[in-house]
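Chemist: Dropping a structure here in structure tokens format, bear with me for questions.
The values are calculated or read from the model by the stated rules, or taken from the named source; none is laboratory data. For clarity, every value in this text was computed on a predicted model and none was experimentally measured. Quick reminder, even Gly has a Cβ in these numbers, built from the backbone with ideal geometry, and neighbours come from all protein chains shown. All accessible areas refer to the heavy atoms of the entire protein, side chains included, with ligands and DNA or RNA removed. Shrake-Rupley method; radii C 1.70, N 1.55, O 1.52, S 1.80 Å.
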Amino acid sequence: MDGKNNTEQIGKVGIYEQVDEYIEFLRRTGRKESTCRTMRYDLVRLLKTLEAAGRPTKAEEITIDDFLYLKSVLQVKDTVAKANLRLVSRFCIHFTGQDLEKMAGILYNRESVDRKFISLGQFKMMLRNADPNLKAALLLGSMMGLRRAEICDARWRDISCGKLHVYGKGHGKGLEANLEIPEPVMQAIIHAKEYRSTTGIEDPDDDHLVQGLQYGVWGGLCVAVMSRKVSELGKLCCVDATTHSLRRLFASTLYNEVEVDPNTLKTLMRHSDISVTYRCYINADPVRCRKAQDNLEEVMKGYF
């Protein structure tokens, strides 16, 4: 399915009234707006897949057979398929009380987590090929460690005295933090705004720092579209990258190049548990690995 056309369809108000009703319910229960936007995008995309096969899209009409069909056509890893199917199942639970995922008894393979890291050289290549809007996103992630939802949510109104007020993970607005904006990042978001203003199609009421063209005007992006744009840029540069690769680059560079201590790194990453920092965000420096191996050989020589 063409991604651009799919995005346009999703943006149409009332394409699926039940979806809008369900997303509004999630908002009332405290889900962040960025989460709601992403869930709406994914849910409509999944229902469009059923519709394209002549299958029902209303929660009351979706059966176990439809649910299993959806699993069979999802050409993604089991972890992603599980998240997508769970979203559809919870949508149906809201209206019918029936948990299709549980009723279908689907078994998933246990997969190792594929965390994608990029090098500074690969990042430089992506930066060279990025348009001004995407360049701002790349720098917000790699120099400030912003999560993809935080990049999408960042607005001009959140900037004060050289700091960006960020709403992180958590219910409602999420955990808040005031982060210093490095000069290169500030210049990039200013350049992106100037670039948009020269096109003559800028929406003066939309103050997102990072935007994309939607229905002929610039506007804030949902997480799914932002992720797709970064991945497509990576492919253009022959780099296997995701938006979260930028945050991992932020952590790995601080640890391997700047050599910050673990507690400082945990604080900069805004983690409550340092084990998460080490397990998910630190990529072993190949130069240090070679040096460690050489040093090990020197030490061991006297014992054989």
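Chemist: Give segment 153-172 a look and list any residue that's farther than 16 Å from GLN211 by Cα and part of a strand (DSSP E or B), or say none. Talk me through it step by step, then tell me what you get.
Modeler: Initially, segment 153-172 is screened for residues farther than 16 Å from GLN211 by Cα, giving 159-172.
If the condition is that a residue be farther than 16 Å from GLN211 by Cα and part of a strand (DSSP E or B), then ILE159, SER160, LYS163, LEU164, HIS165, VAL166, TYR167 are the ones that fit.
Chemist: Please go through (1) of a type outside the set (A, V, I, L, M); (2) under 15 Å from the mean Cα position of the chain (by Cα); (3) in a strand (DSSP E or B) for GLU150 and return the number of the only condition it doesn't satisfy.
Modeler: It is condition (3) that GLU150 fails.
Chemist: Kindly indicate whether ARG128 is part of a helix (DSSP H, G or I) and open to solvent by 70 Å² or more (accessible area, probe 1.4 Å). Quick ask: steps written out before the conclusion?
Modeler: Values: part of a helix (DSSP H, G or I): yes; open to solvent by 70 Å² or more (accessible area, probe 1.4 Å): yes.
So ARG128 passes the test.
Chemist: Within segment 88-103, can you find the residues that are buried (at least 17 other Cβ atoms within 10 Å of the Cβ), in contact (Cβ under 8 Å) with a residue 40 or more places away in the chain and not aromatic (Phe, Trp, Tyr)?
Modeler: The one that is buried (at least 17 other Cβ atoms within 10 Å of the Cβ), in contact (Cβ under 8 Å) with a residue 40 or more places away in the chain and not aromatic (Phe, Trp, Tyr): VAL88.
Chemist: Just checking, how many residues over segment 60-75 are open to solvent by less than 70 Å² (accessible area, probe 1.4 Å) and assigned to a loop (DSSP other than H, G, I, E, B)?
Modeler: Here is the first cut: in segment 60-75, the ones open to solvent by less than 70 Å² (accessible area, probe 1.4 Å) are 62-64, 66-67, 69-71, 73-74.
The next check asks that each one be assigned to a loop (DSSP other than H, G, I, E, B); those that pass are 62-63, 74.
Result for segment 60-75: 3.
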